[in-house]
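The structure under discussion appears below in the form of structure tokens.
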Amino acid sequence: MTLFSIIPAPYRVVAVIALIASTYLFGWIMGSDNQLSKQKIIDQNVAVKVLEKKVIQHEITERVVTKYVDKIQIIKQKGDTIIQRIPTYITRNDDAKCTIPDSFGVLWNQANRGDDGESTGATDESTDDDEPP
């Protein structure tokens, strides 16, 4: 006498179906756990890469700011040097030799007053009163 001969046939069918279903569910659960663990590893790798990129980006930003600040200091130092040496580059004699044309003075004054200027006259001349506007 075997074990299967003791169990009636309908119950044997149900037992086989239950055994197949439990084996399938066990495989499903183990597979999903395996996939979840793989996905966690992938997510952790992605998070590590994102953090590495943020660190690199922060370092680049610091380098750019440092270079920018250094350039400002160099420009200020060069500007101080130029301002200190203007009397040696431009003497009073050179300044006296520099003449400003009258036309520049007229244009300068018109611009400061907000005038458009006279269209019929040159900058050194007055307008013609004979011409209609």
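The values are calculated or read from the model by the stated rules, or taken from the named source; none is laboratory data. Since this is a predicted model, take the numbers as computed values, not measurements. Cβ: placed from backbone, ideal geometry, glycine included. Neighbour counts: every protein chain shown.
Only one entry in Asp116, Asp70 is of a type in the set (Asp, Glu), modelled with pLDDT of 60 or more and either surrounded by fewer than 10 Cβ atoms within 10 Å (Cβ to Cβ) or part of a helix (DSSP H, G or I) (or both), namely Asp116. Here Ile56 fits the description: surrounded by 10 or more Cβ atoms within 10 Å (Cβ to Cβ) and either modelled with pLDDT under 90 or out of contact with any helix residue (DSSP H, G or I) (no Cβ under 9 Å at 6 or more places or on another chain) (or both).
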